[in-house]
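Written out below as structure tokens is the structure these notes cover.
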Amino acid sequence: MRKLKHLVLLLTTIFLTIFSSCSSSDDGGDGGEAPSGLLIANVAGKPFQSFELSSSATITTTGVAKSLMIIATNSDGQGFSMTIFGYEGAGTYEFTGANVAITNVATYSETDVNLSNPIASTTELWQAPYDETLAGSISISEETETKVIGTFSFKGKNVGGDGSIMQITEGSFNLNKQTF
């Protein structure tokens, strides 16, 4: 009976060790479900999917500081832009206005094109952060020579518009990478 208790304790320890060590990334999450070259998300509960030709992740280096800029649009006039200042690779970066020295920014936009009068076209922007609180985050799970993969979510405020809040959830990307 005593050997059985030790065996059960040993097996429990082994299983807990195995399951607790199976995360795909300690800091950057699991990478989401976006197909290669695309960004997907739920925008106020509605699905968004970008075009590969108009979606990219660009890493720039100025001196010793790096930045990551993600841009993704579709044919419905919707788009995302996210900029991470002080980018250091895989990890989680917050969209918060609490640190004025480093403010990462996420924006969702909707453009209504007036084909009969293009000057009358309108664009609305929902931006995070919009105050000093935590509005969301972006997690980079993998960066390779050719790809940047990760997930994101945020609440954006309609700046210059009606002040409404837009909830962006289940965002993920698997974007082609450019470096400058």
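The values are calculated or read from the model by the stated rules, or taken from the named source; none is laboratory data. Since the structure is predicted, the reported quantities are computational estimates derived from the model, not experimental observations. Because the Cβ atoms are built from the backbone with ideal geometry, glycine has one as well, and the counts that use them run over all protein chains shown.
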Quick one: in region 84-102, which of the residues that are in contact with a strand residue (DSSP E or B) (Cβ under 7 Å, 6 or more places away or on another chain) and of a type in the set (Val, Ile, Thr) is nearest to residue 128 (Cα to Cα)? 96
Residue hits (region 104-150; crowded, with 23+ Cβ neighbours inside 10 Å, within 21 Å of residue 73 (Cβ to Cβ) and not aromatic (Phe, Trp, Tyr)) are 104, 106, 128, 138, 140, 148, 149, 150
(1) within 24 Å of residue 163 (Cβ to Cβ); (2) at pLDDT below 95: which one isn't true of residue 86, the others all being true? (1)
Unmet criterion (only one of (1) surrounded by 14 or more Cβ atoms within 10 Å (Cβ to Cβ); (2) under 17 Å from the mean Cα position of the chain (by Cα); (3) at positive phi) for residue 77: (2)
Which residue is nearest to residue 59 (Cα to Cα), if the candidates are limited to region 151-180 and must be crowded, with 22+ Cβ neighbours inside 10 Å and small (Gly, Ala, Ser)? 172
Subset of region 55-72 [free of Cβ contacts under 8 Å to residues at least 24 places away in the same chain and either more than 16 Å from the chain's Cα centre (by Cα) or within 11 Å of residue 39 (Cα to Cα) (or both)]: 62, 63, 64, 65, 66, 71
Just to check your reading of the model, which residue among 171, 160 is under 18 Å from residue 80 (Cα atoms) and touching a residue at least 40 places away in the same chain (Cβ under 8 Å)? 171
Considering only residues that are small (Gly, Ala, Ser) and either closer than 21 Å to residue 133 by Cβ or not in a strand (DSSP E or B) (or both), which ones fall in region 49-79? 50, 54, 63, 75, 77
Hey, can you tell me all the residues within region 132-180 that are at positive phi and more than 13 Å from the chain's Cα centre (by Cα)? 160, 163
Mind counting the residues in region 80-103 that are buried (at least 17 other Cβ atoms within 10 Å of the Cβ), hydroxyl-bearing (Ser, Thr, Tyr) and in a loop (DSSP other than H, G, I, E, B)? 1
